[in-house]
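Heads up: the structure comes next, in structure tokens.
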Amino acid sequence: MISTYKALPDVDVLTTDFPVPGFGLVPINAFVLHGPEPILVDTGPVIESAEFLPALRGVIDPADLTWIWLTHTDFDHIGVLNQLLEENPQLKIITTFLSVGIMTLSSPLPLDRVHVVNPGEQMTLAGRTLNAIRPPTFDNPSTSGFYDEISRILVSSDCFGALLAAVPHNAMDLSEDELHDGQVFWATVDSPWVHNTDIARFERRLEAIRKMEPVMILSSHLPAAPGSLTERMLASLRAAPDSKPFSGLDQAGLEQVMAQMTGDDAGPA
Ligand SMILES: [Fe+2]
Ligand SMILES: [Fe+2]
């Protein structure tokens, strides 16, 4: 179920929790950054498309949106992309060249409404200077977040996500262990390559985030996180390469979860 909360006076979070049986909840967030050129960051999960638009209408008239920043093309980010483009002919999409390419395989983006910004490039809007970044961890090569020099908000896409027992509206409300363990685990699930990365290079990516000194980190899969958590969040990512690789449930584990879901713990006859 999609609900909304304010992360900052000019930032609304549209959020839902996706249960991963046996592991916890993954928050799935989209963000409205209000201003002279309002931006919607990602467009919710496909499976909850019908709920997303009413929730969005509760925080902004979609006709007033100027931009969608599409961080990447995964199913938890592209939910109402097409509906919004149909509903608002002025709306344009900021995304990477690779996102445009991947979308051609399912639902091609209208190229005359795309503004390509690849990691390392900058885009200036009224009231915002967006520096596109490839976050330290990601699960899709089309990924791009951004750091807004004006507001000092960092949008990190899947990076800094966490599997959680419950999802508050502020990452400050998570215990130290919950945040750390949830983030380390998520990093191993979402970015399994993290175990095979050059540590010195990885640390340079973390240092680049540290130098931004963000006032807020908006991750697609974590409650909104004030900048005072940045050091702890970077420490979680630094721990990920040396942590246990994720392998998922085997068939017996899946059958056990199915039995629990149906209330039939006796197993197959
Ligand atoms: Fe993803
Ligand atoms: Fe995601």
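The values are calculated or read from the model by the stated rules, or taken from the named source; none is laboratory data. Being a predicted model, the structure only gives us computed values, none of them experimental. Reconstructed Cβ throughout: ideal geometry from the backbone, glycine too, with neighbour counts over all protein chains shown. With ligands, DNA and RNA removed, areas are computed over all heavy atoms of the protein, side chains included. Shrake-Rupley method; radii C 1.70, N 1.55, O 1.52, S 1.80 Å.
Within the range 184-217, restricting attention to residues that are of a type outside the set (Ser, Thr, Tyr) and part of a loop (DSSP other than H, G, I, E, B), which residue is farthest from ARG152 (Cα to Cα)? Of everything passing the filter in the range 184-217, ASP198 is farthest from ARG152 (Cα to Cα). The residue that is most open to solvent (accessible area, probe 1.4 Å), among those in the range 120-153 that are touching a helix residue (DSSP H, G or I) at 6+ places or on another chain (Cβ under 7 Å) and within 13 Å of ligand 2 (Cβ to nearest atom), is ASP139.
Out of the range 39-53, which residues are in contact (Cβ under 8 Å) with a residue 24 or more places away in the chain, open to solvent by 10 Å² or more (accessible area, probe 1.4 Å) and away from ligand 2 (no atom under 12 Å from the Cβ)? If the condition is that a residue be in contact (Cβ under 8 Å) with a residue 24 or more places away in the chain, open to solvent by 10 Å² or more (accessible area, probe 1.4 Å) and away from ligand 2 (no atom under 12 Å from the Cβ), then ILE47, GLU48, SER49, GLU51, LEU53 are the ones that fit.
A count restricted to the range 62-90 and to residues that are among the hydroxyl-bearing types (Ser, Thr, Tyr) and either loosely packed, with under 15 Cβ neighbours inside 10 Å or away from ligand 2 (no atom under 16 Å from the Cβ) (or both) stands at 1. Of the residues ALA187, ALA171, which is under 18 Å from THR16 (Cα atoms), in contact with a Ser or Thr (Cβ under 9 Å, 6 or more places away or on another chain) and in contact (Cβ under 8 Å) with a residue 24 or more places away in the chain? Testing whether each residue is under 18 Å from THR16 (Cα atoms), in contact with a Ser or Thr (Cβ under 9 Å, 6 or more places away or on another chain) and in contact (Cβ under 8 Å) with a residue 24 or more places away in the chain leaves just ALA171.
Taking the range 91-101 as the region of interest, how many residues are surrounded by fewer than 18 Cβ atoms within 10 Å (Cβ to Cβ) and within 20 Å of ALA55 (Cα to Cα)? Counting residues in the range 91-101 that are surrounded by fewer than 18 Cβ atoms within 10 Å (Cβ to Cβ) and within 20 Å of ALA55 (Cα to Cα) gives 0.
In this structure, does PHE185 turn out to be of a type in the set (Phe, Trp, Tyr) and surrounded by fewer than 19 Cβ atoms within 10 Å (Cβ to Cβ)? Criteria not met by PHE185. Residues that are open to solvent by less than 10 Å² (accessible area, probe 1.4 Å) and within 16 Å of ligand 2 (Cβ to nearest atom) within the range 102-119 comprise just one, MET103. Just one of the numbered conditions (1) open to solvent by less than 10 Å² (accessible area, probe 1.4 Å); (2) small (Gly, Ala, Ser); (3) at pLDDT below 95 is not true of ALA30: (3).
Evaluate the following for SER156: is it in contact with a Ser or Thr (Cβ under 8 Å, 6 or more places away or on another chain), open to solvent by less than 60 Å² (accessible area, probe 1.4 Å), small (Gly, Ala, Ser) and part of a strand (DSSP E or B)?
It is true that SER156 is in contact with a Ser or Thr (Cβ under 8 Å, 6 or more places away or on another chain), open to solvent by less than 60 Å² (accessible area, probe 1.4 Å), small (Gly, Ala, Ser) and part of a strand (DSSP E or B).
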